[in-house]
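Here is the structure we will look at.
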Amino acid sequence: MSNRKFTLQCPMPELDFEVVTLGHGSGGKLTNDLLDKGVFSLFKNDALQQRHDGAFLDIQGKIAFTTDSFVINPIFFPGGNIGELAVNGTVNDLAMCGADPKYISLGLIIEEGMRIDDLWEVLAGVKISSEAAGVQVVTGDTKVVEKGKGDQVFINTTGVGLTHPEVDFSMDRISPEDIVIVSGPIAAHGMAIMSVREGLTFDSDIISDTRPLHEITNTLLDKFGKDIKLLRDPTRGGVATVLNEIARFSKVGIELIENEFPIDVQVRAACEMLGLDPLYVANEGIFLAVVKKHIANQVLPTIQSHKYGKQARIIGEVQEENPGKVFIKSKIGGRRVIGMLAGEQLPRIC
């Protein structure tokens, strides 16, 4: 898969330099050239064009606020790049708060020697994905570090969104008989990254599931309001770790059904080859919803009606027994405990 899918939509302008130098972080002419021909030429909106140290935002109502950093290796992977991932990751953090994303900041820490065409592709990924998600890049910062002190580029983002009036998310509200739903196939992002890691390459069509989720979550809140008790995106640590956090905090048990988990055949095969449990592999384009039992059979088709939720499934139920623990019923009828991830299974995954 080409690493240049975004540049095709946002052709790179003529520049006088091919790589980033320390001078591009000096605050002088080179910095301004990089910003003028790069950042400001791509992200055109009234707030950013003021070129202030911050941004003035017009939001009426309760806001949600999040911050995140992205240090993924490699920065280009099947299905996306670090720029697209940074936008979607921030948008989805706001979506899990029940918010409609409005604005993001963009902080770049660039390593000396990074190729300008690679940086442009990352920035183009930010532009295309932010436009697709309906958010504006309104402020940011650029720093350059010496060669060997970074890994091409690190990105920090902050996101602001307007909270839905029906939001009442809290792990305190989770109770026995609530139903757990996953919005799509698990483990795709982690396996897409591993497919291109040095020494672990293998032929596959696995692509990252990075994508924005707020349209689905807004629809759920519009239709079901406070009957949606919690939304979480299972990024690092995967589905198992998030469900363990919920079980421990809420002092409930959770029982999962292995047969009901959606997982791509190639993703499953890749996990088996590498000795990884897909329940612990990172995701970037799915979410977990804990909902009241009486609406579960309405929530499921609502998610499935969206292009990013077609493979949503009911995967488990909250129980009073075994508080703080997560169990899974296997395909052959056995039952085992699913613990929290110990250590880092896949480092530098997002």
Cβ-Cβ under 7 Å, sequence separation 6+ or interchain: first residue in segment 266-293 and in contact (Cβ under 8 Å) with a residue 24 or more places away in the chain, partner assigned to a helix (DSSP H, G or I) and surrounded by fewer than 17 Cβ atoms within 10 Å (Cβ to Cβ). Which pairs?
P278/R268
As an exercise: evaluate Y103 against (1) of a type in the set (S, T, Y); (2) buried (at least 19 other Cβ atoms within 10 Å of the Cβ); (3) modelled with pLDDT under 95 and give the number of the one condition it does not meet.
(3)
Within segment 307-350, take every residue that is modelled with pLDDT under 90 and of a type in the set (V, I, T) and give me the one that is surrounded by the most Cβ atoms within 10 Å (Cβ to Cβ).
I349
Only one of V290, V281 is under 12 Å from A188 (Cβ atoms) and either in the same structural domain as C97 (by TED's automatic domain parsing) or under 23 Å from the mean Cα position of the chain (by Cα) (or both). Can you tell me which?
V281
Could you grab the pairs with beta carbons closer than 8 Å, sequence gap of 6+ or different chains, first residue in segment 311-335 and of a type in the set (K, R), second one in a loop (DSSP other than H, G, I, E, B)?
R313/F261; R313/P262
Any residue that is exposed (fewer than 15 other Cβ atoms within 10 Å of the Cβ), farther than 21 Å from R211 by Cα and in contact with a strand residue (DSSP E or B) (Cβ under 6 Å, 6 or more places away or on another chain) - is there at least one of those in segment 114-125?
yes
Pairs where the first residue, in segment 212-228, is on the phi > 0 side of the Ramachandran plot and the second is among the hydrophobic types (A, V, I, L, M, F, W, C) and surrounded by fewer than 23 Cβ atoms within 10 Å (Cβ to Cβ), C-beta under 9 Å, 6+ apart
G225/V167
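Of all the residues that make up segment 167-197, how many are among the hydroxyl-bearing types (S, T, Y) and either farther than 21 Å from L94 by Cβ or in contact with a Lys or Arg (Cβ under 6 Å, 6 or more places away or on another chain) (or both)? Break it down stepwise before answering.
Start the filter on segment 167-197 by keeping residues that are among the hydroxyl-bearing types (S, T, Y), which leaves 170, 175, 183, 195.
Filter again for either farther than 21 Å from L94 by Cβ or in contact with a Lys or Arg (Cβ under 6 Å, 6 or more places away or on another chain) (or both), leaving 175, 195.
Summing the residues that are among the hydroxyl-bearing types (S, T, Y) and either farther than 21 Å from L94 by Cβ or in contact with a Lys or Arg (Cβ under 6 Å, 6 or more places away or on another chain) (or both) in segment 167-197 gives 2.
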Checking E317 against (1) more than 24 Å from V167 (Cα to Cα); (2) assigned to a strand (DSSP E or B); (3) not aliphatic (A, V, I, L, M): exactly one of these is not met. Which one?
(1)
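Does F249 satisfy the criteria of being surrounded by fewer than 16 Cβ atoms within 10 Å (Cβ to Cβ) and either at pLDDT 95 or above or under 27 Å from T90 (Cβ atoms) (or both)?
Judged against the criteria, F249 is a match.
The values are calculated or read from the model by the stated rules, or taken from the named source; none is laboratory data. Note that the coordinates shown come from a computational prediction; the quantities given were computed from them, not determined experimentally. When we count neighbours, we look across all protein chains shown, and the Cβ atoms used for this are built from the backbone with ideal geometry, even at glycine.
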